Amino acid sequence: MLLAILAAAPWAYGCIRWWVIPWFTGALLVTSGLWLVGLVLRMRRTTAHWGFCCATFYLLAHGWLLVANAGYRYDRAQLQFVEVKPLLAAWLPGAIDTAMALPMMLRITGLLGVAWMAADAARHAQWRRNLFWTGVVGSTLLIVYGFCQRVSPVPLLFWEQKDLEHNLFATYYYHGNASAFMNLLLPFAFGAAVYGFHQKQRPILRAFGVAALFLNVAAAVAIASKAGQIVTALLLVALVLAYRRELLPSAENKRTARRPTFWLTTTLVVLLCVGGLAFTSDTAQRRWQEVPRLLEPDHNARLLAYRACLRMLPDAGLWGIGADNFRVAFPHYTYGLPEEIMGLWEYAHEDYLQTVIEWGWIGAAGWGFLFFGACWRGWRGLRARAATAPLSLEEVILPRSALLALGGVALHATVDYPLQIGSIELYIMVFAGLLWHQPDRARQRTDETASPSQRSVSNPILQKLR
């Protein structure tokens, strides 16, 4: 069920439309609830790391405390805050508007539940393989849809034509979000291409992997997001370094691997050339020509938004103003700034600032531990496992892809808001849960190679009975 939600989330308008979000939240909560019931009925303990468990419990307690103890209600007609009696105690922290914080906390609860599911399900090799190919196939199909949308004379979202903008791509209404999602799954496409070249008996995998990688890089050209193109270029360099052993085989394997390596290297060079075309295409060139003007502090709306966010930080304090309350508080901190900043801003276009404002320094530390702790644990886990014995490509392809995907979206979040988009949040939580679970390598190989009868005999209780 989790894989089905992963496959469907990008197609549901990225799970950002107002009428999609309740369905998305409900699916997350139902899936997490069914998994929890199954865990209780089987009387089995989750395999997630204790640090991950503590961080998720704290974030849930922190967020729901702010919802339950809200001290204000936002009057949208009068555009002002009305003070109300807190449910718990006036000295406890609370959100500034429960009406907006409650739906977001339900969504965050479902997302954290999905992260627990991923951390627990990662012990199954088949689930890890299905997760990998779900990401590769899903992103490839979405990119094909986006290209068909660009060349079609009739918009493929004709039922919402009045809401369409020039920067639409596929099911994402903002080109920055589309680029962030494609970069999130670019490491998976790259891994699929490398894996296909190492499967000599399956040429179809090689063809599909190269096609997926080519389409992903070409999408970076078509979307023409400046931040997205920079992240794409950095990811390609990081991916080549991460798979350098697979791309450059050792001396004893040069004869057998010369041909695949030649074609793979040629493919990578072509892809890098295609990526370079991003800076010469009309749309991308026009966007990059805007850079000098954007460097002027009084004419760059994002820089002005950052100045307003810095004004909000002292009032946010240690505990924050509540999840999803940024949009109602932001206009009250824009006085005296140039008119480019005026209007309703749903997001700060800088996810780290918005997280500190909504969750406070203490809550932001919890999110940082959950996100960057997953990256640290995944990197250390790969190094520790590789130090004991050589790892096969199939063993490292998913952790590497998840680790680089989180690194790419962490960079993009410094100048945009990918961490606020439902489909991207879902994939991030699944990848973080995957990295927080590092299965024992010896046990994993035994489970993958042993037959069902052998696996049952490996149980110490059954051994005694026999």
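What chymotrypsin sites (Phe, Trp or Tyr not before Pro) does the stretch 64-100 have in DSSP loop regions with at most 16 other beta carbons within 10 Å? Those that pass, being in a loop and sparsely packed, are 91. Each of 148, 375 was scored by other Cβ atoms within 10 Å of its Cβ. Listed from fewest to most, they are 148, 375.
Counting every other Cβ atom within 10 Å of each residue's Cβ, 240, 356 order from fewest to most as 240, 356. For the stretch 30-39, 3J(HN,Hα) computed residue by residue from phi via the Karplus equation (6.51, -1.76, 1.60; θ = phi - 60°) reads 5, 4, 5, x, 4, 5, 5, 4, x, 5 Hz, glycine and proline entered as x.
Can you list the residues of the stretch 224-238 with backbone N under 17 Å from a point 7 Å past the Cα of residue 306, pointing along Cα to Cβ? What the label zone holds, given the 17 Å backbone N cut-off, is 226-228, 230-231.
We did not get these values from a lab; they are worked out from the coordinates using the rules stated. Bear in mind that the values here come from a model prediction, so they are computed numbers and not experimental data. Counting neighbours? That spans all protein chains shown, and the Cβs are built from the backbone with ideal geometry, glycine included.
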